[in-house]
Amino acid sequence: MTRDHKLFLKWLLQFSFIISFFYFVWDQGLIGELISADRSYITSTILFLFIIVCIHCGYYTFIISSELNKAHIIKKSLLKENVLLRIIDNHLILSSKGEISQGIVSEYFIDFLNLRKNGVSTHSQILDSYIKKTNGYYELGWFSADLMLKLGLIGTVIGFIIMLGSLSDITTFDVTLLQGVLTTMGSGMGVALYTTLSALVTGLFIAIQYFNLESGCEELFSVINQVSEVSLEKSK
C-alpha cells in the first residue's frame with residue numbers, strides 16, 4: 001500500500017466531515033441564529049479563529065506528510081545494497097533516487113552526515129533539536145483548542161451578566177416591564193449557551209486535527225531515527 005501523503009489524506013477526510021457538519025448546521029439556519037443572537041460577538045470571533053487554525057493545520061500537515069514521503073523513500077532505499085546518502089554541493093543525494101528536495105529530512109541528514117564526518121557517532125542531540133523545531137506545528141493547535149474553551153467561558157459569564165443585569169430594572173410588577181425583562185434574560189441566556197456550544201464544538205474539531213498532525217510528527221522522527229541507525233550500520 002502506498003504511503004504517499006497518507007497523513008494529509010487523513011486530514012482531508014477529517015476536514016471533509018467537519019465541512020459536512022457545518023454545512024448541515026448552516027442549512028438548518030443555526031449558524032445565522034448563533035451569530036445574530038450573540039450580542040457579545042464572541043461566537044463570531046470563535047468561528048473566525050477556527051477557520052484560521054484549520055488553514056494552519058492543513059498547511060503544516062501537508063508539510064509533514066511530504067517529509068514523511070521522503071523519509072520512507074530513504075528508508076526503503078537504504079535497505080538495499082550499495083545505496084548511500086551523500087552530500088554534494090550542500091545538497092542531499094540518495095544514490096538510487098537522486099537529490100532529495102529541501103525540507104526537514106534533507107536538512108537533518110545534511111547535519112547528520114556532516115557531524116559523522118567530524119567523528120560524532122551519535123545523532124540523538126541533533127534529532128532532539130529537530131523535534132523541538134516541529135513542536136510548534138501542533139502546540140499552536142492545543143493552545144487554540146484551550147483558547148476556544150476560554151472564550152466560551154467568557155461568553156458564558158457575559159451572558160449571565162446580561163441576564164442578571166436585567167433584574168435590576170424591576171421596580172414594579174408591571175406586565176409590560178416584566179416582558180422586557182424576560183426578553184433581556186432570554187437574550188443573555190442565549191449568549192451564554194451559544195458561545196459555550198460554539199467553543200466546545202470548534203475546540204473538539206481542532207483537537208482532532210492536531211492530534212493527527214502530532215501523530216505524523218512522531219512517525220516522521222521515528223522513521224528518521226531508524227534511517228540514522230541504518231546509515232550508521234552501513235558506515236561501519
Per-residue HN-Hα couplings for the range 45-50, Karplus 6.51 cos²θ - 1.76 cosθ + 1.60 at θ = phi - 60°, whole Hz, x for Gly and Pro?
-> 5, 4, 5, 5, 5, 4
Table column - 3J(HN,Hα) (Hz), the range 65-78, Karplus curve with 6.51, -1.76, 1.60, x for Gly and Pro = 4, 5, 5, 5, 4, 4, 4, 5, 5, 5, 4, 5, 6, 5
Past 22 Å, Cα to Cα, is the threshold; run LYS70/LYS97; LYS97/LYS133; LYS97/LYS132 against it and keep the listed order.
-> LYS97/LYS133; LYS97/LYS132
Calculate, for the range 1-113, the solvent-accessible area per residue in square angstrom, rolling a 1.4 angstrom probe over the heavy atoms of the protein chains.
-> 60 Å²
The range 16-164 - Rg and Dmax from Cα coordinates, angstrom | 23.7, 77
Along the Cα-to-Cβ line of ASP4, 7 Å from the Cα, sits a label point; which residues in the range 87-102 have backbone N less than 18 Å from it?
-> 97-101
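With a 1.4 Å probe and all protein chains left in place, how much of the accessible area of the range 15-80 comes from carbon and sulfur atoms, in whole percent?
Details: 2680 of 3730 Å².
Carbon and sulfur: 72 percent of the exposed surface of the range 15-80.
The values are calculated or read from the model by the stated rules, or taken from the named source; none is laboratory data. These figures come from a predicted structure and were not determined experimentally. Please note: Cβ atoms are built from the backbone with ideal geometry, for glycine as well, and neighbour counts cover all protein chains shown. These area figures cover heavy atoms from the full protein model, side chains too; ligands, DNA and RNA do not enter into them. Shrake-Rupley method; radii C 1.70, N 1.55, O 1.52, S 1.80 Å.
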